[in-house]
Every structure is written in structure tokens, then in C-alpha cells.
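Mind having a look at this structure? Questions to follow.
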Amino acid sequence: MHPTDSVISTLIFALILFVTFSAFTIFMIRRFQVLRAAVPIDRFSNVKERLSGLLRFFIGQGRILNPKYIGAGIMHAVIFWGFLAVTINSIHFIGRGFVENWSLPLFGPGKFLDSVYLPFVDLFEVGVLLMVIWAGIRRAIIKPKRVTNSWDAALILGLIGSLMLTDILIRGAEATVGESSPLGNSLAGLFSIMGTETVNSLFTVSWWLHLISLTFFLAYLPISKHFHVITSLFSVYFRTLNYGALPMLDIENAENYGVSQIEQFSWKDLLDVYSCTECGRCQDACPAYATQKPLSPKLVNEQMRDHLNEKLPFLNSSGEEEWSGPSLVGDVIAEETIWACTMCKACEEACPLFIDFIDRFVGMRRHLVLEKSSFPPELNNTFRNLETHGNPWGIAASQREEWAEGLDLPRMYDSPGEIDVLYWVGCAGALDDANKPVSESVVKILREAGVKFAILGKEETCTGDAARRLGNEYLFQVLAAQNIETFEKYGVKKILTQCPHCFNTIKNEYPQLAGNYEVMHHTEFIAELIKDGRIKPKTELKSDLTYHDSCYMGRHNGVYDSPREALSAIPGVNLTEMPRSRENGFCCGAGGGRMWLEESMPKVNQERVREASSINVDTVATACPFCKTMIRDGINETGVSENMKTKDIAQLVADSL
Ligand code: SF4
Ligand code: SF4
């Protein structure tokens, strides 16, 4: 059987291929040109780690097969693997359009690789067909809230279904006159009843339909919303490998101080904009979306993608035409959306394709703060307090030591001699009444363990975490430089923090300003002291408690076990996990500088406390001063304060010593 057995049909076949590949190439160049013009970012190092991630998360579909979404995950993975499996088949299909029975070396009728490969193709094609039918039912009838229905998606599903069905029919027809795959051979029995002429017609129709589906699919992909089929591979390969740090802004030499135009994002950000599959897992995980704030990460991505596509001809026209359409910040992405993000990273952790959001929000916040001076009014105070007093409350720096009165703590400026660790108390630990007891507990633990430590006292100033996440990069760099100067003055090597925000900023962001230190969070430090037998919790606490993961310890830094190990070492503690914990933990609502912003109802902290109430615990253990405050407020606001309290892990361990 040879469908292009005349010169005319061969020419038509060649012409279709030529037009398809030309269109594909032109569209791809247009799409990628914009990436070359975007802001450079280095994602080319750590090749080994990137390749192993590609194997695990792209080929292996590691995140797609998240147990929480196992149904949709299996559907997507089977379609993806099916596509990979039929690649050789498609190459054969094109080759055989020119030369009858052409095959790649070691493939072909009667050869070993065909006998292994063709059953595979059978299996995957049937699997993909079933999954396409299931996907159609899901989109048309079940309609999950997180999935966007569109004609584009229906068309792509239809094309995939057509590709699989026509290929199966081709093999069935071929099997009536020669060797084929096991499925083709089974169909041959059925087809031979139809008579030779009908089988020939079926073959010809299926063959041309297959060709049209394949070529249309190829040419359409780069301009469709399903461009992600191509770009997702690159998004996974070039994924972020460094945890916790926001991109550095070169204040002195930068052309722009933030992102006001789509092309001012990094090329990886734009690649991410293209790569979204609209699966909605990010939206599902987002605390802002869950509490009815005007933010859905999925929608943000869709809006940016549509805006980029609209603006593309202008970006590729070398500045001949001026863009006069909607602006990115304000029109395409509303300012309230930009401020609603808590930078909890739940969206990025949930995304099967490692699409980043936080850097994009920070880029737009930098534009609003540094270029437009447009930010929520309550931040006026926060920024002023940080600038003038080095803490968000505007309390005098001299009062940073008041919490330690009577504790006889060594200060660095008093030359305490050799120390094991600098205890970084942080603004909340030093100045917030709710968190001063945590600092006292840390001191009690350090003394019990015989750790030699000192504090900076009045020489400590805010790390700049909130300023940076609120877009005030200039202020962050001023505060960070001041702290680094202090650390260098005393030759500090190892720092202990009790705040995950301080921990993250000193550990991951100060190196951008040449401040390199070994940094430990108190939960890690305490867990280590317990493990080494330097402290031993003895007093039974008799508490049913749960642990609320801080986003900046957990998702941003991958510290999940130490807090739990410290809690489990306390006699009488019964630790129960909330439904959303560890990587899936739900934010308290204070991250991303949102601690200093007003929040409309319903509130994130209340939602979290309701979750804790649902598992009947008497204590919510925390490891972050902001989480502690938010959970405390949530407990009071939801009226469960008679049955529930919150305590930092350091307090619980200290209580038990
Ligand atoms: S970082 Fe958190 S709050 Fe921000 S978009 Fe992602 S999930 Fe939502
Ligand atoms: S950003 Fe990621 S998680 Fe969100 S819809 Fe797109 S692919 Fe899904």
C-alpha cells in the first residue's frame, strides 16, 4: 500500500510538508526572538543537575503525577509518553510518503526493533485515545474549576485523537496485505470482511487525514495556547535551582528599576509565560486565591501570555512601530493583584513545569515602588520606619536590648571573646512583646547546652526582607549593607536566627552583596542540640499539637524535618499534621511583606486556624514570629482561644527542659 504512488500525489505530499515546516520555523523564530530581546539571566550552569531534573520531571513526569491530582496526572502523562512513543512512527510515516516501506535502520517489517517497538506503539496509541476521550468528558461535562475550557484546547485534543485513530486504522489496513503490529493484525481480520476496495479507501482516507492532522498540529502549535508542548521542556531544564533569593538589582547601572513592560522580564520568565498548561494547580494552592483576593497565578500567566502574543509583532518590529495598547502593570495585571501575593511559593511548588511567579511579582512591585511611587498607603509608615529606625515599627534602636535586661547577655560590642555563634534576634524577637518570650526561650536553650554566643543588640538592624519583597530594593540594599558591615567588623562566621525571613535573607540573599555566612534557624539548631545530647527535654507537656510550616523555612529552604524532630523529642507531645503540611503547607498570610499590609476578609490566617481546629489540637507550634502573630490573631478572630493557643518551638522545648 502506497498512498503517494503518482508524481502528483508525491508533489502534493512534499508541498504540504514544505509549507508546514516553513510555517513552523517562521512561527518559532518569531516566538523566540522576543526571548533574545528579554533580560538575560544565567541558567546555563549545573548541567548535570538540570539534566537529572529533566529526566525526573519532564520525561518521568515527576510533578505531573502528584498524588493529589493523580487522575489528571495519569491522563497527561499517558498522552505525553504516547507522543514520545509514536515519534519514530511519525518519522516512518513521512519517509514512507516518498519511499514505500522506508524505515530507519534496524526498523522495518520483520526486523527486531519493529517487533519490540510496534506493540509499544499499539499500547500507547490506545492509551492516548482513551485519555483524549476522558479529557474531553472532563472538560465538557465535569468541568473542574481550575481548568480553563477553550476551543483551542478542544482543537488540540481533537487533533491528538485523530492522529492516534488514523494511525491505528492505517496499521489495520496494512495488515490485510502484510505484516503489521499486533493491534493492526487483530484489526485486519475485521477489515478483510469489508472487501479489498473498501479497505483501500479506508487506508487512503486515514493516511491523508493522518497527514493533515500531523502537519496542521505542527504548524498550529507555535501560535496556539498549547505552545507549552514545545516550551515546557526548556522551562523544566532552565528551572530555578537556587532557593529563596530574589534577583539582584544593580541599583547604580540598571536601565530600569523594575518591570513595567512585558519585555523587561527575564527570558526565563517569558518562557514560563509560554509554558503554562493551564492545569490550575498553582491556583489551587494559592492562599490569596483561596481567600478571594484578586489573585490567581494561573490567570496572571494567561493574561501575560495573551498580552505578550498581542505585543509580539511590535516587539519583533525593531522599534518601527510604537505599542499603544494596554500597559502590563495596571491594565493587564491590576495593582491589587501584584500586592495580593504573600510570596509563599505554593504556586511554584505545585506547578508541574517549575513556572516561577515570585520574581515576576517582585519585578512589578519594584516598578511600582521605585519608579512610580505607587503603593498601598500603609507602606509609607513601614518604609519610613525601616529607613529611620531599622525596624518596621519605628521603635528606637536603643530599645532593641530591652528584652534582654536581666539576662546578662554578652554583646558583640563588649568583646565577648570567642563565640560559637552570633545569635541574631531580629526585629520581632527584640521588639515585639509576643515574640520576646521566644528570644528568652532561645537563650535558655543555648545556656542549657553550653553554647557560647553573643548578640548585636542595638547594632542589629532589620535584614531588609520585607523591604525587598515589597519592591523597595534600594532600602533592602542599604539595610543589608549595614548588617554586612557589622558582621565583617566582628569577623562573624556563624549566625543563628529565630526568624525564617532573617534566616532566608542572610543565608541566601546577603551573598549577592558579598556577605557569606553559615546561617542556621533555631529549629535546626535545637534539633541538632537534641540529637547531640546537649539538651534533653524532660518535662512532659501533655499537648496535642500541630506544626504550621513557615513558607520561608519549608518551601523556600526545604527545612521540614528539623522542626518536627525538635517537637517529637518533647515528652507528652502528640504531633498531628494538618491536611496541608510540609510542601503543601498553607501560608499564614504574612509573607511577601503582607505582614505590613491591610487584608480584606476572608483572611488567610483565619482559614489556617480553621484547618488547625478541624484536627482538634490544643496548640499550633510555629517557627516564625510572623506566623506566630498571624496564628494568634486567627485564633482570637475565629473565637477558638479557649481551646487553642500558639507557641514557638523554642518556647515548647524550653518549657520542657
Ligand atoms: S506565591 Fe503564594 S500568594 Fe503568591 S501567587 Fe504564589 S501561591 Fe499565591
Ligand atoms: S503555572 Fe503551572 S501550575 Fe499554574 S496553571 Fe500553569 S502549568 Fe499549571
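Please calculate how many Å² of accessible area the chain carries per residue, with a 1.4 Å probe and no DNA, RNA or ligand atoms counted.
Numbers: 27880 Å² over 657 residues.
Here the residues of the chain average 42 Å² of exposed surface.
Also, I was wondering about something else. Can you put Trp208, Trp81 in order of accessible area, largest first, using a 1.4 Å probe? Display every interim value, and only then the final one.
Numbers: Trp208 60, Trp81 80 Å².
Largest accessible area first, the list is Trp81, Trp208.
State the extension gain, in nm to one decimal, for the chain segment bounded by Asn256 and Thr240, taking 0.36 nm per residue of separation less the distance between their alpha-carbons. Show your work: numbers first, answer last.
Working: separation 16, 0.36 × 16 = 5.76 nm, distance 2.27 nm.
3.5 nm is the gain from fully extending Asn256 to Thr240.
Charges only on Cβ, +1 for Lys and Arg, -1 for Asp and Glu: so what's the dipole of the chain about the Cα centre, in debye to the nearest 20?
Details: 61 positive and 75 negative charges, 208 e Å.
The calculation lands at about 1000 debye.
Can you tell me the dipole magnitude for segment 382-498 around its Cα centre, using point charges on the Cβ only (Lys, Arg +1; Asp, Glu -1), in Debye to the nearest 20? Write out the running numbers ahead of the final one.
Values: 13 positive and 18 negative charges, 48 e Å.
Taking the Cα centre of segment 382-498 as origin, the dipole is about 220 debye.
Continuing with the same structure: Going 7 Å from the Cα of Glu485 toward and past its Cβ, which residues in segment 404-422 have a backbone nitrogen under 19 Å from where you end up?
412-414
Oh, and also: For the chain, what is the calculated [θ] at 222 nm in deg cm²/dmol (nearest 500), taking -39500 (n - 2.57) for each run of four or more DSSP H residues and dividing by its residue count? Please list the in-between numbers first.
Values: 27 runs with 328 residues, N = 657.
Theoretical 222 nm ellipticity from helices: -15500 deg cm²/dmol.
On a straight-distance basis, which lysines could pair with Lys603 in a cross-link, Cα separation under 19 angstrom, same-chain partners fewer than 8 positions away excluded?
Leaving aside lysines fewer than 8 places away in the same chain, those within reach of Lys603 are Lys293, Lys345, Lys628, Lys645.
Note the full-extension length gain between Thr198 and Arg384 as 0.36 nm times their separation in residues minus their Cα-Cα distance, in nm to one decimal.
Full extension from Thr198 to Arg384 adds 58.7 nm.
Next question. Beta carbons within 10 angstrom, averaged per residue: use that to sort the peptides 184-192, 571-579, highest first. All intermediate terms of the calculation are to be shown ahead of the outcome.
Details: 184-192: 16.4, 571-579: 14.7.
My ranking of the peptides, most packed first, is 184-192, 571-579.
Quickly work out the Asp561-to-Glu540 label distance, labels modelled 7 Å from Cα along the C-beta direction, and quote it in nm with one decimal.
2.9 nm
While we're on this one: Step through the table entries Lys436/Lys489; Lys68/Lys538; Lys444/Lys493, compare each Cα-Cα distance with 32 Å, and write down the pairs that go over it.
Values: Lys436/Lys489 27 Å; Lys68/Lys538 39 Å; Lys444/Lys493 22 Å.
From Lys436/Lys489; Lys68/Lys538; Lys444/Lys493, over 32 Å: Lys68/Lys538.
Let me ask something else. Going by alpha carbons, how many degrees (0 to 90, nearest 10) lie between the helix axis of 228-237 and the longest principal axis of the chain?
The helix 228-237 is inclined about 40 degrees to the chain.
Further question: Determine the dipole magnitude for segment 375-431: charges of +1 sit on the beta-carbon of Lys and Arg, -1 on that of Asp and Glu, nothing else is charged, the reference point is the Cα centre, and the result goes in debye to the nearest 20.
On the way: 3 positive and 9 negative charges, 59 e Å.
For segment 375-431, the charge dipole is close to 280 debye.
Please tell me the relative contact order of the chain in percent, rounded to the nearest whole number, where contacts are Cα pairs under 8 Å and at least six residues apart. It would help to have the intermediate numbers written out before the result.
Working: 997 pairs, mean separation 77.7, N = 657.
Relative contact order here is 12 percent.
Additional query: Please work out whether segment 265-396 counts as rounded, prolate or oblate from its C-alpha gyration tensor, where a ≥ b ≥ c are the square roots of the eigenvalues and a/c under 1.5 means rounded, while otherwise a/b larger than b/c means prolate and anything else oblate?
On the way: a/c = 2.33, a/b = 1.35, b/c = 1.72.
The shape class here is oblate.
For Ser22 and Val116, FRET efficiency with R0 = 25 Å and r from the beta-carbon atoms, rounded to 0.05? If you can, show how the numbers build up before the last one.
Values: r = 35 Å, r/R0 = 1.41.
Using R0 = 25 Å, I get an efficiency of 0.10.
Can you give the accessible area of Arg384 in Å² (nearest 10), computed on protein heavy atoms with a 1.4 Å probe?
120 Å²
How would Ser656, Ser201 line up by accessible area, probe 1.4 Å, largest first? Don't jump to the answer; show the numbers that get you there.
Working: Ser656 0, Ser201 65 Å².
Accessible-area ranking of Ser656, Ser201, largest first: Ser201, Ser656.
Right, something else. Can you give me the solvent accessible area of Arg632 with a 1.4 Å probe, rounded to the nearest 10 Å²?
90 Å²
If you take the alpha carbon radius of gyration of the chain and divide it by 2.2 N^0.38 Å, what ratio comes out, to two decimals?
Details: Rg = 29.9 Å, N = 657, 2.2 N^0.38 = 25.9 Å.
For the chain, the normalised Cα radius of gyration comes out at 1.15.
A follow-up question, please. Pairing the Cα long axis of helix 196-220 with the longest principal axis of the chain, what angle in degrees results, from 0 to 90 and rounded to the nearest 10?
Helix 196-220 sits at roughly 40 degrees to that axis.
Assuming a ≥ b ≥ c are the square roots of the Cα gyration tensor eigenvalues, decide whether segment 305-378 counts as rounded (a/c under 1.5), prolate (otherwise, with a/b larger than b/c) or oblate. Please report the intermediate quantities before stating the final value.
Details: a/c = 2.63, a/b = 1.30, b/c = 2.02.
Cα axes put segment 305-378 in the oblate bin.
If you don't mind, another one. May I ask you to work out the translational diffusion coefficient for segment 222-314 at 25 °C, viscosity 0.890 mPa s, via Stokes-Einstein with Rh from the Kirkwood sum over Cα pairs, reported in whole µm²/s?
Value of D from the Cα-based Kirkwood radius: 164 µm²/s.
Would you mind classifying segment 529-657 by shape? Square roots of the alpha carbon gyration tensor eigenvalues, ordered a ≥ b ≥ c; an a/c under 1.5 is rounded, otherwise it is prolate if a/b is larger than b/c and oblate if not.
Values: a/c = 2.02, a/b = 1.47, b/c = 1.38.
Verdict is prolate for segment 529-657.
Report the accessible area of Phe83, computed with a 1.4 Å probe over the heavy atoms of all protein chains in place, in Å² rounded to the nearest 10.
Estimated to the nearest 10 Å², Phe83 gives 60 Å².
As I understand it, the value is the acute angle between the Cα axis of helix 7-37 and the longest principal axis of the Cα atoms of the chain; what does it come to in degrees, rounded to 10?
10 degrees
As I understand it, the dipole of segment 150-286 uses +1 on the Cβ of Lys and Arg and -1 on the Cβ of Asp and Glu, about the Cα centre. Which of Ser162, Trp151, Ser232 lies farthest toward its positive end?
Ser162
Which order do Glu598, Glu642, Glu371 take by accessible area at a 1.4 Å probe, largest first? Could you put the intermediate results ahead of the total?
Values: Glu598 140, Glu642 175, Glu371 75 Å².
These residues rank, largest area first, as Glu642, Glu598, Glu371.
The values are calculated or read from the model by the stated rules, or taken from the named source; none is laboratory data. What you are looking at is a predicted structure, and each value in this text was computed from that prediction instead of being measured. Because the Cβ atoms are built from the backbone with ideal geometry, glycine has one as well, and the counts that use them run over all protein chains shown. When the accessible area is computed, the model is the full protein with side chains, heavy atoms only, and any ligands, DNA or RNA have been set aside. Shrake-Rupley method; radii C 1.70, N 1.55, O 1.52, S 1.80 Å.
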